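Student: One structure, as structure tokens, below. Some questions next.
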Amino acid sequence: MISIYNTFLAPLLRRMSNLEQLSLYFISPHGPIIDGDHLEKNIINYMPKLNKFGFSVHSNVLLNKQIYLPSNDDIQKSFRKFQKNHVISNVGYFSQENQYHCHVYSYPYTLTYYDNITNNFSSGLFKCVRAISLFDERPFEHDFFFQIAQCFPYLEKLNLHNRQLQKNENQQLSLIKFPHLVELDLVRVHESYVEQFLDYRKTSLPNYVYLYVDYRILDQ
């Protein structure tokens, strides 16, 4: 698989030696794993005048194609020279998809979307984000959605992909509030998540919401 990052993006950026500010957002769907050492060696070192650098990078590799898979701590250590940046990283191992995912980004986060949030989400405040997608092979519990609502106070669109049954063993559940949500995609979910969002005792949705869901679940 030819990587656009290796053949086009990285060589292009290396020619921008006079750049003073750079915002870099991309996905590397078939590798390599982009960490701090990689960014420094392949991009930053070619930009001696760079003084402001914001980024969000997703890297995916097949589990059986990579001998060494860095831990989240390894990824964090690779950014040790990024003194001007607060860098957050999340890694995930997905056996059903046979993939390793790594997401690194500078904080504060300035994009209006945040994709593929998992249970390993590192929290924070994301005032610019209006749309998110959630995915995991482990169930999302009520407390996770409460955290999401707190971290994304102006969220308008939510797409959820999770086939695992919720447990919600904690019976003292705080009401989750999404005051700005207007679009909710629950097509690829276990039916327990439909109850999670449509039960007014669990989740508050004060606006008219475009709901995407398998109608057979609603008939049960």
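Student: Cα gyration tensor of the chain, axes a ≥ b ≥ c as square roots of the eigenvalues: rounded (a/c below 1.5), prolate (a/b > b/c) or oblate?
Tutor: Since a/c reaches 1.5 and a/b is larger than b/c, the shape of the chain is classed as prolate.
Student: Given the DSSP H assignment, sum -39500 (n - 2.57) over each helix run of at least 4 residues in the chain and divide by its residue total; what's the result at 222 nm in deg cm²/dmol, nearest 500?
Tutor: -4500 deg cm²/dmol
Student: I've got another one for you. Amide H of Tyr212: which non-local residues (sequence gap of 5 or more, or other chain) have their own amide H closer than 5 Å, using H built in the peptide plane?
Tutor: Answer set, sorted by chain and number: Leu184, Asp185, Leu186.
Student: A further question follows. Between exposed chymotrypsin sites (Phe, Trp or Tyr not before Pro) in the chain, where DSSP calls loop and at most 15 other Cβ atoms lie within 10 Å, what's the longest gap?
Tutor: Working: sites that count: Tyr68, Tyr154, Tyr200, Tyr208.
The longest uninterrupted stretch comes out as 69-153.
Student: Quick one: Thr7, Thr110, Thr118, fewest Cβ neighbours within 10 Å first, how do they rank?
Tutor: Working: Thr7 10, Thr110 15, Thr118 19.
Listed from fewest to most nearby Cβ atoms, that is Thr7, Thr110, Thr118.
Student: Taking amide H positions as placed in the peptide plane 1.01 Å from N, state which residues far from Val189 in sequence (5 or more) or on other chains have amide H under 5 Å from it.
Tutor: Answer set, sorted by chain and number: Asn162.
Student: Residue by residue, what Karplus-based ³J(HN,Hα) values in Hz, rounded to whole numbers, does the stretch 29-42 have, using 6.51, -1.76 and 1.60 with θ = phi - 60° and x for Gly and Pro?
Tutor: x, 10, x, x, 6, 8, 10, x, 4, 5, 4, 5, 5, 9
Student: Which residues make up the longest stretch of the chain clear of GluC sites (Glu not before Pro) that lie in a DSSP loop with no more than 12 other Cβ atoms within 10 Å, not counting the sites?
Tutor: 21-168
Student: Let me ask something else about it. Provide the gained length on full extension for the span Asn119 to Lys49, in nm with one decimal, where the gain is 0.36 nm per separating residue minus the Cα-Cα distance.
Tutor: Details: separation 70, 0.36 × 70 = 25.20 nm, distance 3.80 nm.
Extending this stretch completely gives an extra 21.4 nm.
Student: Each label point is 7 Å from the Cα along the Cα-to-Cβ direction; what then is the distance between the points at Leu111 and Ser71, in nm?
Tutor: Reported label-point gap for Leu111 and Ser71 is 2.7 nm.
Student: Round to a whole angstrom and tell me the spacing of the C-alpha centers of the stretch 10-75 and the stretch 91-129.
Tutor: 16
Student: Between Leu155, Leu69, Leu173, where does the largest GNM mean-square fluctuation fall for the chain, given springs only between Cα atoms within less than 10 Å?
Tutor: Highest fluctuation among the options: Leu173.
Student: Please identify the trypsin sites (Lys or Arg not before Pro) of the stretch 123-205 that satisfy two criteria: DSSP loop assignment and at most 15 other Cβ atoms within 10 Å. Which are they?
Tutor: Here the sparse-neighbourhood loop sites are Lys127, Arg163, Lys167, Arg201.
Student: Just tell me which lysines come within less than 18 Å, Cα to Cα, of Lys157; anything on the same chain fewer than 8 places away is out.
Tutor: Lys127, Lys177
Student: Ok, one more. With a/c under 1.5 counting as rounded, go ahead and sort the stretch 154-215 into rounded, prolate or oblate using the C-alpha gyration tensor (a ≥ b ≥ c being the square roots of the eigenvalues; past the cut-off, prolate if a/b is larger than b/c, else oblate). It would help to have the intermediate numbers written out before the result.
Tutor: Details: a/c = 2.00, a/b = 1.11, b/c = 1.80.
Because a/c hits 1.5 or more and a/b fails to exceed b/c, the stretch 154-215 counts as oblate.
Student: Among the DSSP beta bridges whose two residues both lie in the chain, what percent are antiparallel, rounded to the nearest 5?
Tutor: 35
Student: Just check the stretch 35-97 against the gyration tensor rule for me: Cα atoms, a ≥ b ≥ c as the square roots of the eigenvalues, rounded for a/c under 1.5, and otherwise prolate or oblate depending on whether a/b exceeds b/c.
Tutor: Prolate.
Student: Sorting Leu175, Leu205, Leu160 on the 10 Å Cβ count, fewest up front, what's the list?
Tutor: The fewest-first ordering by Cβ neighbours comes to Leu175, Leu205, Leu160.
Student: For the pair Asn207/Arg15, report the inter-label distance in nm, with labels modelled 7 Å from Cα in the Cβ direction.
Tutor: In this crude label model, Asn207 to Arg15 measures out at 4.2 nm.
Student: Then there's this: Only counting other Cβ atoms within 10 Å, I'd like Cys128, Cys102 sorted with the fewest neighbours first.
Tutor: By the 10 Å Cβ count, ascending, the order reads Cys128, Cys102.
Student: Another one. Working from Cα positions, state the angle (0 to 90°, nearest 10) between the long axis of helix 142-151 and the longest principal axis of the chain.
Tutor: 50
Student: Considering amide H positions built from the backbone, and no H for Pro or chain starts, which residues 5 or more places from Gln99, or on another chain, come under 5 Å of its amide H?
Tutor: Placed amide hydrogens put Leu63, Phe94 under 5 Å from Gln99.
Student: Can you compute 3J(HN,Hα) from phi for each residue in the stretch 201-217, using the Karplus curve 6.51 cos²θ - 1.76 cosθ + 1.60 with θ = phi - 60°, rounded to whole Hz and x for Gly and Pro?
Tutor: Running phi through 6.51 cos²θ - 1.76 cosθ + 1.60 with θ = phi - 60° gives 6, 9, 9, 9, 10, x, 9, 5, 10, 6, 10, 10, 7, 5, 4, 5, 5 Hz.
Bear in mind these aren't lab numbers, they're just calculated from the coordinates by the rules spelled out. Nothing here was measured: the structure is a model prediction, and the numbers come from that model. Reconstructed Cβ throughout: ideal geometry from the backbone, glycine too, with neighbour counts over all protein chains shown.
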